[in-house]
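Worksheet: one structure, shown below.
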Amino acid sequence: SLPSNYPSQLIIASLLGLATATIAVLLERFVFWHHLPKAFHKGIRSAWWKRALGSSYGAITEELIVRLFFMSLFAWGLKHAGLESSGLPNDTAMWIAVVLSALVFGLLHLPSTIMLAPITRITVIRTLALNGVIGLAVGWVFWEYGLIAAFVTHWFADVVILVIAPALILNTAETVDT
């Protein structure tokens, strides 16, 4: 059965997704935008509904791979390296696992970055930084509330980044509507 505070956990997960995506979008627009190759400014050229569906796919598949597999593997390894308390990974192990999984999360987004523009130092830094912000939040949510809450955080972040921001902030709304 679900814990009695499950609805509040999902609200926190949703708000963290919205907040971290907003931070990522603001970093994109005001820190990285003017340093990125011009090809990057064209953005994702697909219909909004395809990007919305992609948000669900990304939230589920990426969290299964990054959090359930990699973060759990890192926590398990760190526990067996001596960072444990009462037979479980301690807080230090979990924070290291959160950070390492956020790094993996960023690295796994490099192939999609390459599809938008040539790989450069700034595109790598940008990809790791923006995905790192979200990866840290989702990792913490996974640790505290579990996989479903991590799906929710990731989904809200993706909707902001892939659907809302291109239309409102990043000026890449001229997408194909087919």
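Taking the C-alpha atoms only, the angle from helix 147-158 to the longest principal axis of the chain is near 20 degrees.
Residues in the range 1-130 average 57 Å² of solvent-accessible surface per residue, probe 1.4 Å, ligands and nucleic acids excluded. Residues whose amide H comes within less than 5 Å of that of Ser46, counting only those at least five positions distant or on another chain, are Val176 (H built at 1.01 Å from N in the peptide plane).
For Tyr6 and Met115, a Förster radius of 25 Å and the Cβ-Cβ distance give a FRET efficiency of 0.10, rounded to the nearest 0.05.
What percentage of all Cα-Cα pairs in the range 32-134 are separated by more than 24 Å? Tail fraction, whole percent: 37. Between the Cα long axis of helix 48-63 and the first principal axis of the chain there is an angle of about 30°, rounded to the nearest 10. For the chain, the relative contact order is 42 percent, taking Cα pairs closer than 8 Å that sit 6 or more residues apart in sequence and dividing their mean separation by the residue count.
For the peptides 26-35, 118-127, 11-20, the ranking by mean Cβ contacts within 10 Å, running from highest to lowest, is 11-20, 118-127, 26-35. With all protein chains in place and ligands, DNA and RNA left out, the 1.4 Å accessible area ranks Met94, Met115 as Met115, Met94, largest first. Apolar share of the accessible surface for the range 34-156: 72 percent from carbon plus sulfur atoms, 1.4 Å probe.
Oblate is the label for the range 124-173, because a/c, from the alpha-carbon gyration tensor with a ≥ b ≥ c as root eigenvalues, is 1.5 or above and a/b does not exceed b/c.
At each listed q (0.08, 0.11, 0.18, 0.20 Å⁻¹), what is the log10 of I(q)/I(0) that the Debye formula gives for the chain modelled as equal alpha-carbon point scatterers? Per q value, in the given order, log10 I(q)/I(0) is -0.26, -0.49, -1.15, -1.35.
Rolling a 1.4 Å probe over the protein chains gives Asp91 an accessible area of about 100 Å². Length available on full extension from Thr92 to Leu107: 0.36 nm per residue minus the Cα-Cα distance, which gives 3.1 nm.
The values are calculated or read from the model by the stated rules, or taken from the named source; none is laboratory data. If you're wondering where the values come from, they're calculated on a predicted model, not measured in any experiment. Quick reminder, even Gly has a Cβ in these numbers, built from the backbone with ideal geometry, and neighbours come from all protein chains shown. Areas reflect the complete protein model, heavy atoms only, side chains present, ligands, DNA and RNA absent. Shrake-Rupley method; radii C 1.70, N 1.55, O 1.52, S 1.80 Å.
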